[in-house]
Amino acid sequence: MLQKEMMDALNYQVAMEAESSQAYLALASWADAQPGLNGVAAFFYQQSDEERQHMLKLMKFVNERGGFAVIPSLPQPQISYTSLKSAFETFLKHEYKVSSSINDLVETALKLKDYATHNFLQWYVNEQMEEESVARLLNEKLELIGEDKSGLYLFDRDIVGPVKK
Ligand code: FEO
């Protein structure tokens, strides 16, 4: 049985993953509406789907352990960006925020001696490492490309596939 403090903390993370899914859906729609960024749009649609899966995994865990997963209301995410660079900076910053929230959850699980939850959370710890590294790599690539149009063309072409785990 989940302790209330643990359940509340997990439900906070449910909201965080739902917010991530919405934020990336907004990034996908923004990219979709820009000329020539269909690769970037596909990447963010995929990220949004993954975040929804992260949310569902948490919800199932909470409910299976006798808790109750709460579906949150969500604020509207940022819907437009001044540049591709700023879109990807937002992505990276958001992943850092999620990682820090996962770390807080791990800390709570240890504090409460909830080793089952601690064990469950290791999947998220690893996932965050991977997501941060993808987001960092993409930001580094954009830094290298700068305003070079053929570089941006290749970035968009290659983003779904090789760069993605
Ligand atoms: Fe599920 Fe990338 O946070």
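The values are calculated or read from the model by the stated rules, or taken from the named source; none is laboratory data. None of the values given here were measured: they were computed from a predicted structure. No Cβ is skipped: glycine too gets one built from the backbone with ideal geometry, and neighbour counts run over all protein chains shown.
Within the group 120, 88, which residue is surrounded by 15 or more Cβ atoms within 10 Å (Cβ to Cβ) and under 24 Å from residue 155 (Cβ atoms)? Break it down stepwise before answering.
Values: 120 fails: under 24 Å from residue 155 (Cβ atoms).
One residue alone meets the criteria, 88.
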For this session: Go through segment 63-119 residue by residue and tally those that are away from the ligand (no atom under 16 Å from the Cβ) and small (Gly, Ala, Ser).
Result: 8
Seminar exercise, completed: Sole miss for residue 40 among (1) in contact (Cβ under 8 Å) with a residue 40 or more places away in the chain; (2) within 16 Å of the ligand (Cβ to nearest atom); (3) in a helix (DSSP H, G or I) is condition (2)
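It is to be established whether one or more residues within segment 127-147 are at pLDDT below 95 and over 16 Å from the mean Cα position of the chain (by Cα).
There is at least one residue in segment 127-147 that is at pLDDT below 95 and over 16 Å from the mean Cα position of the chain (by Cα).
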Seminar exercise, completed: For segment 108-122, the count of residues that are touching a residue at least 24 places away in the same chain (Cβ under 8 Å) and part of a helix (DSSP H, G or I) equals 5
Exercise. Does segment 89-104 include one or more residues that are over 13 Å from the mean Cα position of the chain (by Cα), within 25 Å of residue 6 (Cα to Cα) and part of a helix (DSSP H, G or I)?
Worked result: yes
Exercise. Does segment 57-66 contain at least one residue that is without any contact (Cβ under 8 Å) to a residue 12 or more places away in the chain and not basic (Lys, Arg)?
Worked result: yes
Seminar exercise, completed: Residue count, segment 44-62, condition touching a Phe, Trp or Tyr at 6+ places or on another chain (Cβ under 9 Å), within 14 Å of the ligand (Cβ to nearest atom) and under 19 Å from residue 135 (Cβ atoms), comes to 8
Exercise. In this structure, does residue 95 turn out to be over 17 Å from residue 51 (Cα atoms) and either surrounded by 14 or more Cβ atoms within 10 Å (Cβ to Cβ) or not β-branched (Val, Ile, Thr) (or both)?
Worked result: no
